[in-house]
Structure formats: C-alpha cells, structure tokens
1. Picking from 78, 66, 42, 4, which residue would you name as being at pLDDT below 65 and buried (at least 17 other Cβ atoms within 10 Å of the Cβ)?
2. Suppose the filter is out of contact with any strand residue (DSSP E or B) (no Cβ under 7 Å at 6 or more places or on another chain), surrounded by fewer than 17 Cβ atoms within 10 Å (Cβ to Cβ), modelled with pLDDT of 85 or more and part of a helix (DSSP H, G or I); does residue 19 pass it?
C-alpha cells in the first residue's frame, strides 16, 4: 500500500483510500462489471460492492484516473508485462 500512497499529493482534497478503490475495481471485475460507468452505478446499487469498497462511491472519472495513475503499480503487483502488444 505504500506505493499507492506515494502517488497522492500532500495538498488538496483528501483522496479516496487506495484499499477501497482497489476493492471496488476487483469486486466489479469478479462480478462481470468492466465499464467505468457501469462500475459507478454498481457501487451505488450493490451491497457487496459497498461493503468491499468500504463505502467508497466515486464517479467514473475518479475510477478511471485511479486506474491510470496506479497502472504501473498494479502491473507490477499482478505480474502483467506492459511491453506485450495484443
């Protein structure tokens, strides 16, 4: 979690907890929700999603920004090679 927290600025609005954001994204993927807008709706409707994400309810832009900002960390965490083209 230290790698996630280093990405956040010390000033400005308080960020969403990285653990809650990762919980939201991973739970959505496990439930078959892949679209950012669908994930945004899912977090408001799914009780399991609310519990896993610790009540985090960001909009689709925040979810997308979190994915982009932490893409290097998550690729290292899950062993995904970024140099492979599909």
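The values are calculated or read from the model by the stated rules, or taken from the named source; none is laboratory data. If you're wondering where the values come from, they're calculated on a predicted model, not measured in any experiment. Note that we place each Cβ from the backbone using ideal geometry, even for glycine, and neighbour counts take in every protein chain shown.
1. 4
2. For residue 19, the condition - out of contact with any strand residue (DSSP E or B) (no Cβ under 7 Å at 6 or more places or on another chain), surrounded by fewer than 17 Cβ atoms within 10 Å (Cβ to Cβ), modelled with pLDDT of 85 or more and part of a helix (DSSP H, G or I) - is not met.
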